[in-house]
1. Is it true that some residue in the stretch 354-361 is touching a helix residue (DSSP H, G or I) at 6+ places or on another chain (Cβ under 6 Å) and without any contact (Cβ under 8 Å) to a residue 24 or more places away in the chain?
2. How many of the residues making up the stretch 105-164 are free of Cβ contacts under 8 Å to residues at least 12 places away in the same chain, open to solvent by 50 Å² or more (accessible area, probe 1.4 Å) and either closer than 21 Å to residue 341 by Cα or of a type in the set (A, V, I, L, M, F, W, C) (or both)?
3. Would you mind telling me which numbered condition in (1) open to solvent by 100 Å² or more (accessible area, probe 1.4 Å); (2) charged (D, E, K, R); (3) closer than 30 Å to residue 148 by Cα residue 409 fails?
4. Within the group 375, 396, which residue is at pLDDT below 90 and over 30 Å from residue 337 (Cβ atoms)?
5. So which residues in the stretch 344-377 are open to solvent by 70 Å² or more (accessible area, probe 1.4 Å) and over 30 Å from residue 409 (Cα atoms), if there are any at all?
6. Determine which member of the set 293, 303, 285 is over 23 Å from residue 352 (Cβ atoms), open to solvent by less than 60 Å² (accessible area, probe 1.4 Å) and either touching a His at 6+ places or on another chain (Cβ under 9 Å) or assigned to a loop (DSSP other than H, G, I, E, B) (or both).
7. What residue, of 274, 222, is modelled with pLDDT under 85, surrounded by fewer than 23 Cβ atoms within 10 Å (Cβ to Cβ) and either assigned by TED's automatic domain parsing to the domain that holds residue 338 or assigned to a helix (DSSP H, G or I) (or both)?
8. Which condition from (1) modelled with pLDDT of 90 or more; (2) open to solvent by 50 Å² or more (accessible area, probe 1.4 Å); (3) under 30 Å from residue 139 (Cβ atoms) is the one that residue 308 breaks?
Amino acid sequence: MKIPSLLLRFPHCSFSRRTYFPNFHFASRVDFLCIESLTPAQHYQTKWICSSNGLRRELCQQVAPDQQVEELSDREQRLVDRLYSGLIQGHRACLAESITLVESTQSRKKKIAQVLLQKVLSYHREQEKLNQGKPLAFRVGLSGPPGAGKSTFIECFGKMLTERKYKVSVLAVDPSSSTSGGSLLGDKTRMTELSRDMNAYIRPSPTRGTLGGVTRTTNEAILLCEGGGYNIVLVETVGVGQSEFAVADMVDMFILLLPPAGGDELQGIKRGIIEMADLVAINKADGDLVVPARRIQAEYVSAMKLLRKRSKVWRPKVMRISAKTGEGISDMWDKMTEFRDLMLTSGELIAKRRKQQKVWMWNLIQENMLEHFRSHLAVKDKIPLLEEKVLRGVLSPGLAADLLLKAFKDSL
């Protein structure tokens, strides 16, 4: 294709055989013109090839990790190499430092963290190929109201798994105070035996006010734990509520842990979170609470029948367990392995993980866009003024939002 005919298709672009632009490189060959994006921050480049058959676009993978690594200083590069080598060798200190780096909000550390994550992701893909494409770890989400016995259950369940030669990682999410902004991060104090186990790793993280009860970096922390050789990853989340289903978008199996006595359970627990549960466990089914636990189990079994089926191969189960005595814990693990095997054989597990990555990408985009909106020069100074007018009742919240959005759009 001649360059003049290319100009007809792209009237707003300037083309020449020896022209260089900030974002594009034009390279001529004997029978085609190739346009390549050179933006270093992207992991993929778009290549336009003009031949006699017309214009076609190809998406080619860049050596983005290497390009990004080149931008790091020698000190930062040594840090990435040290954390990566320690992580894949199973050093808990390197895993802890890596998660701290990923959780950092400082812009430079975020960049270093992304380089590290890219290396871990490449290693993760290689290991999955060696494992015949099967997932390296089983991700389990655990949620329930306060006082349901989540920490006691994790202590008992984790000890049973480490005795069976599994490596267990626990990502315990603590709610951040809306007043002080801080978190207690005291889950390790309630898991004394498990925290001393060398085949277990417990990491408490603050929510920093995120609605889903999971931090924005929990998904990345799961990846780092899997890179560190942990084949069971437990994500314990804050309470139960309508926004709590965020954890279901990053785990293979979601377990709802409930106490046997809590009033009208079916109305007290949000229906949405029950729909997300793959397994409901009634904890504290011992002593005087055995009879109430049986009654609650019967209620939930009948309630589950009314819910829409989410999987073709698995129907959610309701079990009674006692984390205090250990009764039912082994049976519960058998049900969990049955779920994993069925989902893996049917292909639903792999499809679910792929869908989760897409969902989580958009969640991060929403968070980052809101952050960008708040800090944008066009609206930054107007936000306090409009907030004050909304508080005084001069403006409706909808109108104030429209004004801010209009100011943001006009500045683009």
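The values are calculated or read from the model by the stated rules, or taken from the named source; none is laboratory data. A quick note: this is a predicted structure, and the numbers were derived from the prediction, not measured. A quick note on method: Cβ atoms are made from the backbone with ideal geometry, for glycine too, and the neighbour counts reach across all protein chains shown. Just so you know, the surface numbers come from the protein's heavy atoms only, side chains and all, with ligands and any DNA or RNA stripped out. Shrake-Rupley method; radii C 1.70, N 1.55, O 1.52, S 1.80 Å.
1. There is no residue in the stretch 354-361 that is touching a helix residue (DSSP H, G or I) at 6+ places or on another chain (Cβ under 6 Å) and without any contact (Cβ under 8 Å) to a residue 24 or more places away in the chain.
2. Here the count works out to 7.
3. (3) is the only condition that residue 409 fails.
4. 375
5. The answer is 345, 354, 355.
6. Result of the check over 293, 303, 285: 285.
7. 274
8. Among (1) modelled with pLDDT of 90 or more; (2) open to solvent by 50 Å² or more (accessible area, probe 1.4 Å); (3) under 30 Å from residue 139 (Cβ atoms), residue 308 violates only (1).
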